[in-house]
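Enquirer: Got a structure for you, written out below as C-alpha cells; questions coming shortly.
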Amino acid sequence: EQSLQPSEVILVADSIDEGIEEVRIDVKEMFPKVEFVKSQGKGMMRALNTGILRASHDFVSFLDSDDLWMPLKQERQIYELARDPLIDVVTGNVMNFKDGGLHFVEDIKWVKASLFTCSTFRAQAFEKYGLIDETASHFTWLYRWWSCAVVSGIRRIHLDLPSTMRRIH
C-alpha cells in the first residue's frame, strides 16, 4: 500500500528448502512483477546481500517478511535521496509490536532507528561502504555494517516520521 509504487521488487528466500516451488508459484500468482530469487546459501545476511547484488535500480530498501511499512515511507525517503545526490541513506522511525496483533493505544512510541527495514539506501552505498558481513551473528551484522559505514563517512539523514512497524517474536 505504498504511495509510491516500486519499479522493482526482489523477493529473496533465504532458508526455504521444502516447498520452495509452491511459495514461488503463490508469490507469482499474487504479484506477477516480483522477481523470486533463492539465496545461494542460508541465512539472513546472505539473503540481504543477494538482494543488494541483484538490484538494478538507484535505490534499495529492505522489508522482512513479518514487518510492515507505513504507506508514505518509500515516497518520502526516495524523494530525499533524489533531491540530494550526496545523501547515501534516509532512515525513519520504527515501532515494535508483538506477535498476536497490534494493540493501538494513544501513546504509541515511534523511535528513531537505523534498521535496514526503516531505511532506503542509494544503491551505490553498498559499493562505497561494502556488503553485509555474512560471518556476523544475527543482529551483530547490523552494528558492524553501520559502524564501518559511519567511520567511512556515510551521509545519512533521518526523517522524523513513522516508517516501519517491526514485529518482535
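Enquirer: Give me a count of the residues in the range 118-130 that are crowded, with 16+ Cβ neighbours inside 10 Å and not in a strand (DSSP E or B).
Expert: 4
Enquirer: For residues in the range 149-161 being hydrophobic (A, V, I, L, M, F, W, C) and within 18 Å of Thr120 (Cα to Cα), which is surrounded by the most Cβ atoms within 10 Å (Cβ to Cβ)?
Expert: Going through the qualifying residues, I end up with Ala149.
Enquirer: Across the range 111-140, what is the total count of residues that are over 16 Å from Leu63 (Cα atoms) and aromatic (Phe, Trp, Tyr)?
Expert: 2
Enquirer: How many residues does the range 6-24 hold that are open to solvent by 70 Å² or more (accessible area, probe 1.4 Å) and over 22 Å from Ala125 (Cα atoms)?
Expert: The total comes to 5.
Enquirer: Which residue pairs have Cβ atoms closer than 7 Å, lie 6 or more positions apart in sequence or on different chains, and pair a first residue in the range 35-55 that is at pLDDT below 85 and open to solvent by 80 Å² or more (accessible area, probe 1.4 Å) with a second residue that is polar (S, T, N, Q) and not in a helix (DSSP H, G or I)?
Expert: Lys42/Ser15
Enquirer: Please go through the range 102-117 and give me each residue that is modelled with pLDDT under 55 and either of a type in the set (A, V, I, L, M, F, W, C) or surrounded by 10 or more Cβ atoms within 10 Å (Cβ to Cβ) (or both), ordered by number.
Expert: The answer is Phe104, Val105.
Enquirer: Within the range 80-100, work out how many residues are part of a loop (DSSP other than H, G, I, E, B) and either without any contact (Cβ under 8 Å) to a residue 40 or more places away in the chain or surrounded by fewer than 16 Cβ atoms within 10 Å (Cβ to Cβ) (or both).
Expert: 5
Enquirer: Hey, any hits in the range 138-148 for a residue that's assigned to a loop (DSSP other than H, G, I, E, B), open to solvent by 40 Å² or more (accessible area, probe 1.4 Å) and touching a residue at least 40 places away in the same chain (Cβ under 8 Å)?
Expert: Yes, some residue in the range 138-148 is assigned to a loop (DSSP other than H, G, I, E, B), open to solvent by 40 Å² or more (accessible area, probe 1.4 Å) and touching a residue at least 40 places away in the same chain (Cβ under 8 Å).
Enquirer: Which of the residues spanning the range 120-169 are under 16 Å from the mean Cα position of the chain (by Cα), of a type in the set (Lys, Arg) and closer than 24 Å to Tyr79 by Cα?
Expert: Arg122, Arg156, Arg166
Enquirer: Having 3 or more residues that are of a type outside the set (Phe, Trp, Tyr) is the bar; report the strands (runs of 3 or more DSSP E) wholly within the range 1-79 that clear it.
Expert: Correct list: 10-13, 35-38.
The values are calculated or read from the model by the stated rules, or taken from the named source; none is laboratory data. If you're wondering where the values come from, they're calculated on a predicted model, not measured in any experiment. In this analysis, Cβ positions are derived from the backbone assuming ideal geometry, glycine residues included, and neighbour counts consider all displayed protein chains. With ligands, DNA and RNA removed, areas are computed over all heavy atoms of the protein, side chains included. Shrake-Rupley method; radii C 1.70, N 1.55, O 1.52, S 1.80 Å.
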